[in-house]
1. Quick one: give the max-minus-min coordinate of the C-alpha atoms of the range 211-270 along each principal axis, largest first, in Å.
2. Could you list, in their original order, any pairs among 195/355; 88/201; 105/270; 201/339 whose Cα atoms are separated by more than 29 Å?
3. Spelling out what I want: for every residue of the range 130-142, take phi, set θ = phi - 60°, compute 6.51 cos²θ - 1.76 cosθ + 1.60 (Karplus), and round to whole Hz; glycine and proline get x.
4. Pick out, from 233, 171, 117, the residue whose Cα sits farthest towards the positive end of the charge dipole of the range 107-248, with +1 on the Cβ of Lys and Arg and -1 on the Cβ of Asp and Glu.
5. Taking square-rooted eigenvalues a ≥ b ≥ c of the alpha carbon gyration tensor, is the range 164-215 rounded, prolate or oblate, where a/c under 1.5 means rounded and, failing that, a/b exceeding b/c means prolate?
6. Summing +1 for each Lys or Arg and -1 for each Asp or Glu, what net charge is found among the other residues whose Cβ lies under 12 Å from the Cβ of residue 147?
7. Please report the relative contact order for the range 155-300, taking Cα pairs under 8 Å with a sequence separation of at least 6, and give it as a percent rounded to a whole number.
8. Hey, with R₀ at 30 Å, roughly what FRET efficiency would residue 87 and residue 276 work out to, going by the Cβ-Cβ distance, to 0.05?
Amino acid sequence: PTHKMRSFSLAPVAFVAPRLSSDYGHSTLRESNHEIFELKESPVVVRNCSNFDWQSVLDGIVETIDDVSPHLTEGKVADYIPALAQVKPDQFGIAFTDLCGNTFKAGAADEPFSIQSISKVFALVLALDMEGEALWKRVGREPSGSAFNSIVQLESECGRPRNPLINAGAIAVTNTIVEHCGEEDGIDRIVRFLKECAQEKDGIRLDENVAESEDAYGDRNRALAYFMRSYGVIQGDVLSTLACYFRQCALEMSVATLSRAGLFLAADGKNPLNGNAVVTSQNHVERVNSIMLLCGHYDMSGDFAFRVGLAGKSGVGGGILAVVPGIGTIAVWSPPLNKAGNSLAGTLALELFSKRTGVNLF
């Protein structure tokens with residue numbers, strides 16, 4: 001595919017160093033004595049997978065993250081369940097996979113982590129293929145502007161979740177999968193789907209410790225599920241749906257594997273790793289990408305779109321998956337989160353990636 005991008009050259013200036021705002025948890029510019037580099041951009045067209053030095057971009061981002069790491073202490077590792085609170089905060093990994101299947105890595109790119117809500121993207125793709133457009137009768141497509149586990153909005157809108165990437169909407173999506181799986185366990189179908197997408201057998205696994213923690217501390221999600229069942233949004237057995245949902249959120253993989261698993265989202269629904277169609281309709285991928293852009297970072301989705309300009313989905317495990325249509329997918333991981341539950345360093349890294357390559361949607 002042909003996609004316009006901008007190259008960059010580096011010229012030293014005695015000016016700014018990125019630091020994180022205590023108000024929003026994203027990078028801002030502040031005067032500093034540190035010498036960094038100013039980006040001077042010029043047009044270039046990427047016509048194939050080999051004419052851009054992605055590795056240098058990733059290496060440069062890791063170096064920048066190291067420089068600003070003292071400013072990341074305001075971030076907080078997710079602690080709503082004990083299993084996540086035990087993760088070491090000073091870890092960072094980034095990986096990019098292009099449409100030729102080449103994966104470029106930097107930092108702790110091969111370290112497995114809990115993908116948490118990023119799993120909602122793959123569950124949504126699977127549910128759309130099972131249910132088709134009828135899925136939108138059960139779940140909406142609008143940003144929520146509320147916390148990802150809020151029940152207030154759900155009550156005011158008669159049990160229909162605002163979108164499939166907040167907890168209530170994701171539970172409804174998982175319920176759709178469970179109802180369509182018949183004798184097959186829903187979580188087995190989701191894991192099989194992810195392994196097919198990533199073309200890996202061993203890189204994706206269920207962390208039983210995290211799954212047990214999700215279940216033990218999942219009362220808010222139980223409340224959401226039973227409330228939706230009272231309106232007919234959730235069908236069948238609530239407990240089996242929740243069991244699948246808790247385990248879905250406990251899946252772990254590295255950013256290298258995650259970037260490969262999501263590659264079909266950048267390739268019109270076809271998997272460049274094996275040439276197979278992942279979805280029955282290209283429209284499903286377009287819809288999922290648009291929802292990721294609008295809703296993928298909870299009530300900071302607008303800020304992410306403004307600064308990064310890519311469709312993306314975050315998880316409270318510190319991971320973010322972002323899609324560059326026609327080019328590839330990028331995944332990043334750093335556990336400390338901002339106030340909305342998105343990775344602080346991960347968001348900054350993707351902003352740097354977007355600016356240094358010019359691959360934003362706008």
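Coordinate-derived values only; no laboratory data. Since this is a predicted model, take the numbers as computed values, not measurements. Every residue, glycine among them, receives a Cβ derived from its backbone with ideal geometry; neighbour counts consider all protein chains shown.
1. 39, 27, 15
2. Details: 195/355 31 Å; 88/201 26 Å; 105/270 23 Å; 201/339 35 Å.
Correct reply: 195/355; 201/339.
3. Along the range 130-142, the couplings run 7, 9, x, 5, 5, 4, 6, 6, 9, 9, x, 9, 10 Hz.
4. Ranked along the dipole, the leading option is 233.
5. On the way: a/c = 1.62, a/b = 1.21, b/c = 1.34.
Oblate, since a/c reaches 1.5 and b/c is not below a/b.
6. Numbers: positive: 162, 220, 339; negative: 299.
Its environment carries a net charge of +2.
7. Numbers: 147 pairs, mean separation 43.6, N = 146.
Relative contact order here is 30 percent.
8. My answer for the efficiency is 0.30.
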